[in-house]
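To start, the structure itself, in structure tokens.
The values are calculated or read from the model by the stated rules, or taken from the named source; none is laboratory data. For clarity, every value in this text was computed on a predicted model and none was experimentally measured. Positions of Cβ are generated from backbone atoms using ideal geometry, with glycine treated the same way; all protein chains shown enter the neighbour counts.
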Amino acid sequence: ETGVTQTPRHLVMGMTNKKSLKCEQHLGHNAMYWYKQSAKKPLELMFVYSLEERVENNSVPSRFSPECPNSSHLFLHLHTLQPEDSALYLCASSQNVMVDTQYFGPGTRLTVL
Amino acid sequence: QQQVKQSPQSLIVQKGGISIINCAYENTAFDYFPWYQQFPGKGPALLIAIRPDVSEKKEGRFTISFNKSAKQFSLHIMDSQPGDSATYFCAAVDAGGTSYGKLTFGQGTILTVHP
């Protein structure tokens with residue numbers, strides 16, 4: 001397994017469900033990110049973690065809750081989502097948080113019914 | 001202030017032609033400008049990047065042109081190939097700011113190269 005992996009690749013959930021997205025990076029990086037990619041909109045940064053510490057929360061609703069138990073794993077816990085939250089959720093990692101190249105995973109396609 | 005405006009939204013080019021995608025920004029604190037390429041079902045991947053101390057950077061068939069005074073930069077794909085068909089995103093980073101690792105992305109350009 002190389003690079004950045006994400007599971008599941010596809011997720012359909014109801015508005016009252018609780019689910020989690022998982023990201024794992026095999027690159028030895030210290031920084032991890034969650035992005036939201038919606039149709040016809042720029043990628044939106046959601047959260048940034050550096051050495052397991054959250055350093056940026058980009059005004060994301062509390063129904064999205066990130067967790068970074070170690071520098072290789074990042075979770076996004078989802079609760080009482082809205083249909084407008086349907087999007088591709090991308091995880092990325094970089095050696096450090098500043099300008100280093102970010103490596104993206106393939107994303108989780110989320111549909112909220 | 002933080003936006004990066006990208007055009008066109010979509011682009012169709014014949015094989016062998018030149019593809020040109022343009023981006024403009026307002027924030028003069030941006031000092032790192034990467035381009036990402038995204039194929040269907042994949043995450044974005046870094047293609048090429050430039051810092052504002054140079055006006056051009058070339059890697060193979062891909063060239064970034066940078067105009068600091070106009071606050072514009074563009075991606076040129078020479079000898080475009082069907083395999084280049086993808087979505088391209090420009091981005092900008094304020095490396096000296098407090099927004100750690102914050103890539104501000106353009107809206108994306110869907111490039112289709114016809115054989």
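When the test is whether a residue is within 15 Å of B:Ala45 (Cα to Cα), modelled with pLDDT of 95 or more and within 12 Å of the chain's Cα centre (by Cα), A:Leu76 does not pass it.
Here's the yes/no breakdown for (1) within 25 Å of A:Pro106 (Cα to Cα); (2) crowded, with 19+ Cβ neighbours inside 10 Å; (3) touching a Ser or Thr at 6+ places or on another chain (Cβ under 8 Å):
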| position | (1), (2), (3) |
| --- | --- |
| B:Ile50 | yes, yes, no |
| B:Lys57 | no, no, yes |
| B:Asn67 | no, no, yes |
| B:Cys90 | yes, yes, no |
| B:Thr104 | yes, yes, no |
| B:Leu111 | yes, yes, yes |
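Residue count for the range A:86-102 satisfying the condition of being within 15 Å of B:Thr104 (Cα to Cα) and in contact with a strand residue (DSSP E or B) (Cβ under 8 Å, 6 or more places away or on another chain): 7.
When the strands (runs of 3 or more DSSP E) confined to the range B:6-115 are screened for residues that are within 12 Å of another protein chain (Cβ to nearest Cβ) and in contact (Cβ under 8 Å) with a residue 40 or more places away in the chain, those reaching at least 3 such residues are found at B:33-38, B:86-93, B:103-105. Being within 25 Å of B:Gly108 (Cα to Cα), more than 10 Å from every other protein chain (Cβ to nearest Cβ) and without any contact (Cβ under 8 Å) to a residue 40 or more places away in the chain is a property that A:Asn70 lacks.
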